[in-house]
1. When you look at Leu53, is it over 9 Å from the mean Cα position of the chain (by Cα) and either closer than 23 Å to Ile30 by Cα or without any contact (Cβ under 8 Å) to a residue 24 or more places away in the chain (or both), yes or no?
2. On the basis of being among the small types (Gly, Ala, Ser), modelled with pLDDT of 75 or more and surrounded by 14 or more Cβ atoms within 10 Å (Cβ to Cβ), does Gly32 make the cut?
3. Within the stretch 46-68, restricting attention to residues that are at pLDDT 80 or above and part of a loop (DSSP other than H, G, I, E, B), which residue is surrounded by the fewest Cβ atoms within 10 Å (Cβ to Cβ)?
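The values are calculated or read from the model by the stated rules, or taken from the named source; none is laboratory data. All values reported here derive from a predicted model rather than from experimental measurement. We place every Cβ from the backbone using ideal geometry, glycine too, and count neighbours over all the protein chains shown.
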Amino acid sequence: MQNDYLIPANSKKSQYILGFFTKLDLAILIIGLLWSFIMLMAFHSLTLGLVILILLPGLVAAFLVMPVPHYHNILQLLTNVFNFYMNRRQYYWKGWNIYEEFSGNDK
């Protein structure tokens, strides 16, 4: 049978702006690109090193919001890795405990 699924596969993607960006992603991208644009207008140098340094905030912002498989974007991947290593991990036992000892009847 076709159409046996309750939730379509692209339902989460439809909640994003343009299908890719959250509000935080757009804010990071716009601020990074705007900062690079302002620096391009302020410095009128054509040396390669300075141009790369000026474009660096925009490139970093674009890198952070770039989508990767199994995660929303690189920012989420880095956040998950940071939280995994920095937060305390507690594992709770869920299951059965079986003891060989019986109280009372030892026959």
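1. Values: over 9 Å from the mean Cα position of the chain (by Cα): yes; either closer than 23 Å to Ile30 by Cα or without any contact (Cβ under 8 Å) to a residue 24 or more places away in the chain (or both): yes.
Yes, satisfied.
2. yes
3. Thr47
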